[in-house]
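Let me begin by presenting the structure, written as structure tokens, before commenting on it.
The values are calculated or read from the model by the stated rules, or taken from the named source; none is laboratory data. Just so you know, these numbers come straight off a predicted model, no measurement behind them. Every residue, glycine among them, receives a Cβ derived from its backbone with ideal geometry; neighbour counts consider all protein chains shown.
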Amino acid sequence: MRDRLDPEALSFAVLRGLAMIGGLAALSIAPLRPEHQIHLAPLLGAFIAYKALLFALLFFRPAGARPIFLATLGADLGIVFVLVWFTGGGESHFYLLFSVLVALNAYQFGPGIGVLAAIVSADLMAVANILVAPGVPWAHIGARAALFGFLGLALGHIASRERRARAEAEGFNAELRAALARLEEAKDRAVRAERLAAAGRVSARMAHEVRSPISAIGLNVEMLEEIVRGCPGPMMGDAGDLLRGIRAEVRRLAGLTDEYLTFSRLPRAQPQEDSINEMLDELVAFVKPEADQRGVVLVRDPDPLIPLFSFDRDLLRRAVLNLVKNGIEATPQGGWVLVATRLDGERAEVSVEDTGRGIDARDAPHLFEPFFTTKPRGTGLGLAIARQIAEEHGGTLRWANASGGGARFTLRLPLKGAAHG
Ligand SMILES: Nc1ncnc2c1ncn2[C@@H]1O[C@H](COP(=O)(O)OP(=O)(O)OP(=O)(O)O)[C@@H](O)[C@H]1O
Ligand SMILES: [Mg+2]
């Protein structure tokens with residue numbers, strides 16, 4: 001798209017043209033000597049043609065408005081000089097057009113250009129005074145020059161001050177608009193968060209309400225299984241199978257409600273000085289039977305340099321357990337899951353790496369969303385809980401696909417207040 005001339009530059013161009021042509025016309029009212037009068041009409045015509053050319057140039061080169069204006073200021077001064085020269089030199093009252101140029105350009109470009117235009121005008125008036133004998137006394141030229149200088153300086157100064165104030169006001173305005181947009185956004189977020197919190201409270205209530213009947217159903221099914229086992233008969237085998245199916249589903253539902261309640265009512269961390277390596281040894285021993293059953297090897301790589309530090313053993317154990325379980329579930333038979341620790345400055349790192357298929361790019365943005373799962377029997381709360389626990393400890397939980405193809409989840413926890421030993 002073509003650039004457009006900005007409105008300020010356009011109004012300056014129009015004003016300058018009008019002021020010059022209007023000034024010329026106004027000064028022409030005062031009678032000139034006949035020998036001078038003859039030059040006026042062709043000069044006026046040339047001036048109008050030149051202004052039309054300037055507008056055409058500005059229209060096709062709007063980006064170069066400033067250099068065009070500065071260059072044509074020179075041309076304007078030259079034209080006024082010719083006019084003054086041909087209409088009586090120092091005697092011609094057309095010298096007043098210099099003041100229009102000085103004033104307009106001082107206003108547009110500041111005191112520097114204003115004073116420069118005044119100096120050039122004074123020089124040109126002096127030349128015209130020399131060229132047309134007998135000329136006016138030099139004191140007249142000096143007085144005119146001083147007046148133009150003051151005009152350029154004062155008007156340029158006022159204009160720059162006004163421009164600075166306007167820029168400042170525009171800056172404030174932009175800041176205000178940005179702050180308002182941020183406020184709107186924060187309000188939207190707060191409304192959304194409140195709605196989610198309300199939904200969370202309702203579902204926590206429901207989970208709580210259904211938990212008791214679910215465990216009652218589980219108990220009754222177990223009792224029914226006992227009864228069925230005690231009554232041999234052709235149909236009882238099928239009834240036993242059905243009851244086992246029901247019990248498995250009931251157990252899954254009970255697990256789901258428990259997980260959900262854990263997530264929604266995760267207790268505040270109660271940190272106590274402890275050994276993270278020891279906690280992980282115990283955890284690995286606890287999960288080993290499940291890993292063995294799936295043909296997955298659990299490997300430990302503890303960093304002995306990690307000092308004792310404060311963390312909530314139960315919560316952190318739950319977080320790492322979720323990561324290790326995910327690792328085992330993702331790893332095919334014959335693969336391994338590595339649980340490692342590392343001291344990294346003021347932080348302890350616990351990483352769980354597996355030799356599974358890694359995280360699918362499509363799943364990546366949703367991993368930590370509650371209830372996001374790709375497993376037929378998953379709750380999708382494991383990673384959400386683990387991240388919440390990491391944050392509760394002032395730490396982070398991040399993931400990356402390991403170079404070997406599997407996934408690596410890393411918990412980073414601050415050691416703050418760690419007791420070395
Ligand atoms: N080590 C991993 N390798 C590949 N994908 C993973 C891994 N860990 C998590 N995921 C992906 O992230 C999803 C969410 O994991 P999350 O632990 O939150 O829930 P889940 O494992 O599906 O359910 P639950 O933890 O209740 O059994 C998983 O379903 C799986 O798609
Ligand atoms: Mg999981």
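Quick look at the values:
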| read-out | value |
| --- | --- |
| Of all residues in the stretch 323-349 being β-branched (Val, Ile, Thr) and in a strand (DSSP E or B), the one that is nearest to ligand 2 (Cβ to nearest atom) | Val337 |
| Residue match in the stretch 74-82 (condition: more than 55 Å from the chain's Cα centre (by Cα), assigned by TED's automatic domain parsing to the domain that holds Ala143 and either assigned to a helix (DSSP H, G or I) or loosely packed, with under 14 Cβ neighbours inside 10 Å (or both)) | yes |
| Checking Val339 against (1) modelled with pLDDT under 95; (2) within 22 Å of Gly395 (Cα to Cα); (3) within 16 Å of ligand 1 (Cβ to nearest atom); (4) among the hydrophobic types (A, V, I, L, M, F, W, C), the condition it does not meet | (1) |
| Test: residue in the stretch 358-368 that is at pLDDT 95 or above, within 23 Å of Lys416 (Cβ to Cβ) and surrounded by 15 or more Cβ atoms within 10 Å (Cβ to Cβ) | no |
| Residues satisfying the stated conditions in the stretch 350-372, i.e. part of a loop (DSSP other than H, G, I, E, B), within 13 Å of ligand 2 (Cβ to nearest atom) and among the β-branched types (Val, Ile, Thr) | Ile359 |
| Condition check for Val299: within 49 Å of the chain's Cα centre (by Cα) and assigned to a helix (DSSP H, G or I) | no |
| Residue within the stretch 389-396 that is assigned to a loop (DSSP other than H, G, I, E, B), within 16 Å of ligand 2 (Cβ to nearest atom) and touching a Leu at 6+ places or on another chain (Cβ under 7 Å) present | no |
| Selected residue [closer than 22 Å to Gly200 by Cα and crowded, with 21+ Cβ neighbours inside 10 Å] from Leu315, Leu411 | Leu315 |
| Residue selected from the stretch 83-129 under the condition hydroxyl-bearing (Ser, Thr, Tyr) and touching a Lys or Arg at 6+ places or on another chain (Cβ under 9 Å), by the criterion surrounded by the most Cβ atoms within 10 Å (Cβ to Cβ) | Tyr95 |
| Qualifying residue in the stretch 373-383 (condition: assigned to a loop (DSSP other than H, G, I, E, B), away from ligand 2 (no atom under 16 Å from the Cβ) and either of a type outside the set (Phe, Trp, Tyr) or assigned by TED's automatic domain parsing to the domain that holds Val284 (or both)) | no |
